[in-house]
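Only the coordinates and a few stated rules stand behind these numbers; no lab work does. Model, not experiment: these values are computed from the prediction. Note that each Cβ is placed from the backbone with ideal geometry, even for glycine, and that neighbours are counted across all protein chains shown.
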Amino acid sequence: MDILQLLISGLANGCVYGLIALGFVLIYKATEAVNFAQGDFMMLGAFVTIGLTNAGYMGIPFWLAVPISISIMALMGYLLDRFVIRLMFGQSQTAVVILTIALGFVIRFVAGMIWGHEPQSLENPLAGKELRLGELVLGMEDVAVIVVTILLTWGLYEFFNRTKMGLAMQGASQNQLAAYYMGVPVKRVQGFIWALAGAVACIAGILFAAKGAVDPSTGLMGIKAFAAAVIGGFGSLPGALAGGLIVGVIEPFASRYIAAGYSQVAPYALLLAVLIFRPHGLFSQVRVKKV
Amino acid sequence: MRIVFKTDYMQDIRPWKDTYQLMLYMILLAVVIAAPMLIDDFYLGELTNVLIWALAGMGLMVLTGHTGQASLGHAAFLAFGCYANIIMMEQGVPFMVAFPLAGLLTGLVGVIIAIPALRLHGIYLAIATLAMSILTDDIIVLTETWTGGVSGKYAPPVNVFGFDIDRWGTPKEFYYLVLGVVVIVTLGYINLMRAPLGRSFIAVRDSEVSAQAMGVDIARTKAMSFGLSCAVTGLAGALMGLFAGAFNNETFSVIISIELLMMIVIGGLGSIHGAFLGAIVIGFLPQFLSISKEWVGALFGGSSVAIPGLEFGVFGFILILFILFEPMGIYGRWLKIRTFIELFPFYRKDMFKRQKSYLKTERLR
């Protein structure tokens, strides 16, 4: 029973990592850039929701606040692409990486200025409720996190493979010039994907803040989500979720069964091992590059 | 514009363009040598800090600026150089031996790490080095018997050519020690860039495929670049440890790695000047912020308040502005201004226009 309990809490944590990793993968799939500020986006989404719904701030009902904050974050993502990332169009990936790292610093600073540096948690209707299955006691938040994550991943996967927009996104990333020739509005597609990534980050933030507490440096958790995205392979949505779950499950088991000090090393050691032995992730999509 | 008419081969390969340029750098050298006589000990300490950061910046510049491999993990090599130097000194090795040896060892570690890293491209390399930088903290704690773990270590005074040098006791001598190392490394760097190895770094950065077609051994070049970069960073780390006086597992955090990368981007990627200009920005920004905060506080009548994270917020903002509007950094802006003056009135807006390319991926799905 103990192991099952650990597994469930690990899975719930892993789902949050998976959701952040999903944000990386979305942007990578459509623009071939990596948003190092995705973790900070998540933190910002959590704080926006806290600012809207917590009694100490605006006190809007939870179910009303959630769609509002998701649209705010989607708008943020869109504006970011429109006024910052689009100026970088045609420059190297590394430049975008450095830009988003700097952006993360700025977001962390702004969030600290507005909401302070104390950890805060989201007041939500599921708080404190439990689901009992025999001897197994599950927090309703954990269950909600797992259900929402699976639904979201499935939805995005279908979106990428079935809809015209999803295919246009893949085309826009694989060969921009050819995508233009085929009539794909590459810049508009990129704006849309950044908005989508903002929305996903916000959902991740809401789930994370409902489970625990956020403070401005929570965004650094994005580094663990990197492990998730790398393990899953940067181009694969189900891979990102799987990677997140692997990282999430490893953590509680490592801290339980491995000596303290070695346990927090586990996710990063796994990340390095995957990079060394399977440089493009377990769900690899890359074949040999042709000149 | 000064046009140098070259008449023989030696003139073509020498590091300076003409006597005028050589004179400028000689004047700069004279000024930095005379600096301890001109400024007080506090600012001399700041200047020493800037020089150490510039040394670390040159280390990363070899790898990122000239070979095109972005590393977010150079704080790990700073830490390695620092700990290697101190541990050897504690074992009774004199500083004059331990210091270069620390650089050499760090370079070797860099080459060993480069071997798996060679398979990684672009962002994957950045992420791998980022993970390595995070692991450094834990590794220092785990190897507590050597490194002192969380309680850290203290840097002893060092002996150079019979002089006892201590950061606090003899800041002038410490400044000259750092300056000497920086000058030697800079000269080595300038020479590297006109040697075949340096040229092959640039070839690999600009196009791996073309470099390979021209007969450059990519794996070897990248490994050499990693090694040289880490060696210089290790030296900088050893000096940083001596400068800080005390350090532990959190001194060389992942934030330092990121700061280092941002520093050379602000300074200007792909130029030795960039490392120094970026170091000046990063060294004097905290000073500048505290002075301007007092100024603003006096203006509005309030006392100066501590704003946590302000430094990084401002730093990130400056960096965003640079990447968007001046991707070549401070040095690139200076080149434009200089060309404008030299060519006046014939300067044209698009003279430094960078070629943009459409993106193509390696992925099939």
Tell me what chain A gives for mean residue ellipticity at 222 nm when only DSSP H runs of n ≥ 4 count, each as -39,500 (n - 2.57), the sum divided by the residue total, rounded to 500 deg cm²/dmol.
-23500 deg cm²/dmol
Report, as an integer, the average count of C-beta atoms from other chains found within 10 Å of each Cβ along B:310-318.
5
Just to be sure I understand the curve: with the Debye formula and one point per C-alpha of segment A:165-241, what is log10 I(q)/I(0) at q = 0.21 Å⁻¹?
-1.03
So what is the relative contact order for chain B, in percent, with contacts set as C-alpha pairs under 8 Å and at least six apart?
28
Cα-centre dipole for chain B with unit charges at Cβ (Lys and Arg positive, Asp and Glu negative), debye to 20:
1680
Would you grab the residues whose amide H sits under 5 Å from the one on A:Gly233? Only those 5+ places off in sequence or on another chain, please, with H modelled 1.01 Å from N.
A:Leu282, A:Phe283
Kirkwood Rh, segment B:120-196, all Cα pairs: how many Å?
16.4
Residues meeting the amide H criterion for B:Val160 (H placed from the backbone, H to H distance under 5 Å, 5 or more places apart or on another chain) are B:Ile165
Here the membrane-span-like helices of chain B, with no claim about any membrane, defined by DSSP H, Cα axial extent at least 27 Å and mean Kyte-Doolittle at least 1.0, are B:19-38, B:41-60, B:95-117, B:122-142, B:171-193, B:218-244, B:272-300
Sequence of A:Ile27, B:Ile202, A:Ile72 once ranked by neighbouring C-beta atoms within 10 Å, starting from the fewest:
B:Ile202, A:Ile72, A:Ile27
Along the charge dipole of segment A:2-218, pointing to its positive end and built from +1/-1 on Cβ of Lys, Arg, Asp and Glu, which listed residue (A:Phe159, A:Val110, A:Val189) has its Cα farthest out?
A:Val189
Ascending count of other beta-carbon atoms within 10 Å, so fewest first, for A:Ser173, B:Ser271:
B:Ser271, A:Ser173
Among all helices in chain A defined by DSSP H, which have a length of 20 Å or more along the axis from Cα atoms plus a Kyte-Doolittle mean of at least 1.0?
A:2-31, A:38-53, A:62-83, A:93-115, A:140-162, A:186-211, A:237-257
Let's see if you can work this out: charge +1 on each Lys and Arg Cβ, -1 on each Asp and Glu Cβ, no other charges. What is the dipole magnitude of segment B:90-172 about its Cα centre, in debye to the nearest 20?
260
Would you mind getting the Kirkwood hydrodynamic radius of segment B:29-69 from its Cα pairs, rounded to one decimal in Å?
11.6
Electrostatic dipole magnitude of segment A:2-218 [Cβ: Lys, Arg +1; Asp, Glu -1; Cα centre; debye, to 20]
860
Which value, in Å to one decimal place, does the Kirkwood hydrodynamic radius take for segment A:37-108 when every pair of different Cα atoms is included?
13.4
Take the alpha-carbon centre of segment A:176-246, take the same for segment B:142-197, and report the distance between them in whole Å.
42
Per the Cα gyration tensor, chain B corresponds to an equivalent ellipsoid with semi-axes, largest first in Å, of 32, 27, 24
Segment B:128-277 - Rg (one decimal) and Dmax (whole number), Cα, Å:
18.3, 56
At 0.890 mPa s and 25 °C, Stokes diffusion of segment A:158-291 via Kirkwood alpha-carbon radius, µm² per second
143
For segment B:260-351, restrict the atom set to alpha-carbon positions and state the Rg and Dmax in Å.
16.6, 51
Quick one: of B:Lys17/B:Lys349; B:Lys6/B:Lys349; B:Lys17/B:Lys336; A:Lys129/A:Lys211; A:Lys29/A:Lys164, which pairs are farther than 21 Å apart, Cα to Cα?
B:Lys17/B:Lys349; B:Lys6/B:Lys349
I'd like to compare A:152-164, A:183-195: which one has the highest average count of other Cβ atoms within 10 Å, and what's the full order after that?
A:183-195, A:152-164
What ³J(HN,Hα) values, in whole Hz, does the Karplus curve 6.51 cos²θ - 1.76 cosθ + 1.60 give for segment B:212-217 when θ = phi - 60°, with x put for Gly and Pro?
4, 5, 8, x, 8, 7
Estimated 222 nm signal from helices in chain B, with DSSP H stretches of n ≥ 4 weighted -39500 (n - 2.57), rounded to 500
-23000 deg cm²/dmol
Within segment B:41-112, list the chymotrypsin sites (Phe, Trp or Tyr not before Pro) lying in a DSSP loop whose Cβ has at most 11 other Cβ atoms in a 10 Å radius.
none
So how do A:Phe226, B:Phe315 line up by other beta-carbon neighbours within 10 Å, fewest first?
B:Phe315, A:Phe226
For the protein assembly as shown, just the Cα set please: Rg and Dmax, both in angstrom.
26.0, 92
Please report the equivalent ellipsoid semi-axes of segment A:2-218, computed as sqrt(5 x eigenvalue) of the Cα gyration tensor, largest first, in whole Å.
32, 21, 15
Name the residue from B:Ile330, B:Thr186, B:Leu228 whose Cα lies farthest towards the positive end of the charge dipole of chain B, charges +1 on Cβ of Lys and Arg and -1 on Cβ of Asp and Glu.
B:Ile330
When chain B is treated as a GNM, springs tying every alpha-carbon pair under 10 Å, which of B:Gly237, B:Gly103, B:Gly45 comes out with the largest mean-square fluctuation?
B:Gly45
Determine the shape class of segment A:81-164: with a ≥ b ≥ c the square roots of the Cα gyration tensor eigenvalues, call it rounded for a/c under 1.5, and otherwise prolate if a/b is greater than b/c, oblate otherwise.
oblate
